[in-house]
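Encoded as structure tokens, the structure appears first; notes follow it.
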Amino acid sequence: MNVAQQLRSRLRSQVNLHGRESLGADPLTEQAREHSLARLAAQVDEDDPASRHLLASARAGLDYLRSESGILTPAMRVGIEAIILTDGSRPALLVSNDSIDYQDPQIGGWLSRLTKSKPLLRETLGKIARIAQQQPDGTSKTLGTGFLVDTGLLATNRHVLQEMAALDGTGTWRFKDDLVIDFGGEHERSNPPAALARPVVVERFGPEPILQLGEPRRLDFALIQIQALPNNRLPTPLQVCDADDAQALQPGMPLVTIGFPAKPSFGMENAKVLFNLFKGVFDVKRLSPGLLGDTLGQVPGDSQPPRCFSHDASTLGGNSGGCVIGLDDTWQVIGLHFGGRSGEYNLAHDIRAVMESVS
């Protein structure tokens, strides 16, 4: 799909998800468009020039998708993405005490699916970790996300590993000082702190350095042996999907990503928008539901044999290395999130293809 088709598909899935028959099946009708713009306006400060520009760009973007005349500008894409983020169909839900707030208004049409999976959701959330480096001022910098796929083995991206360590002339990865792997990393936690660990040795990694994020043909994967810090105990591993790819990865299937969206750089055009929509809370664990887009063999530029699929869950930089989980009765890991293009799509490696390619 091209960019316009991707955005139109995501907007249409919002209507289907919420069952807004009163607005019709087309998200670009006059009534549906005004409804979306009004909802976005309620979430931003209309007295702020940047917010007014965002609303104007969102309107222009919807007009473009309706007629496909002219040029779809980056600002229009940001405006459409803001509509999607505020709709409730692609929320980024805060995690607290290995759970989410089922009363959060942002949960939208995902409430019934996530409520049905409460026990599996709670069990899963505690097995995903924030990879961070302690800073001299006492704060910590998010480098990415990781998740347990076997006892003491943390899966993440090679580009996250490249932030964690340097590869020396002997082919050995040397980790930076003050790295912490935090299986909590939540906005608020009243229960006892979650496990903390440190990296020990790199077991496997993609063969090519990752110089540019979101390149489908490069294997952006690393498997790191970790060790619990004193008085800590590692969680048990997540269940990795072992079904046939044709059964596991179907276009339109619901899924969730879990990770630690990092604060965007204020050099980015949409940084202020994202800051407002995320309520200024970054570098903490969030769950983001979405749908699978292009399946294996459909992602342009993929390797041969193919190992990538796309999804449209809401993610930011710190989500790199997070797991993609099928939102069904098993909650198995189906993918490893590694990048994408803002306002268009996200990319993930098929977890089975990744594990087999480096075994």
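Each reported figure results from applying straightforward, stated rules to the coordinates on display, with no laboratory input. Quantities reported herein were computed from a predicted structural model and do not represent experimental measurements. Backbone-built Cβ (ideal geometry, glycine too); neighbour counts: all protein chains shown.
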Using only Cα atoms and rounding to the nearest 10 degrees, what angle (0 to 90) does helix 30-43 make with the longest principal axis of the chain? 50
Candidates 340, 214, 185, ranked by Gaussian network fluctuation over the chain, Cα under 10 Å, top entry: 214
Show that you can apply the helix-only estimate: for the chain, add -39,500 (n - 2.57) for every DSSP H stretch of four or more residues, divide by all residues, and state [θ] at 222 nm to the nearest 500. -8500 deg cm²/dmol
Binned Cα-Cα distance frequencies in region 213-259 - 5 Å width, integer %: 4, 10, 12, 20, 24, 14, 9, 6, 2
With N set to the number of residues, divide the alpha-carbon radius of gyration of the chain by 2.2 N^0.38 Å and report two decimals. 0.97
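Could you order the peptides 254-263, 314-323 from most to least packed, using the average number of other C-beta atoms within 10 Å per residue? Can you show the working numbers first?
On the way: 254-263: 23.8, 314-323: 26.5.
Highest to lowest by the protection proxy: 314-323, 254-263.
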How large is the convex hull of the Cα atoms of region 128-257 per residue, expressed in Å³ as a whole number? 162
Using 1/(1 + (r/R0)^6) with R0 = 45 angstrom and r between the beta carbons of residue 41 and residue 172, what's the FRET efficiency to the nearest 0.05? 0.25
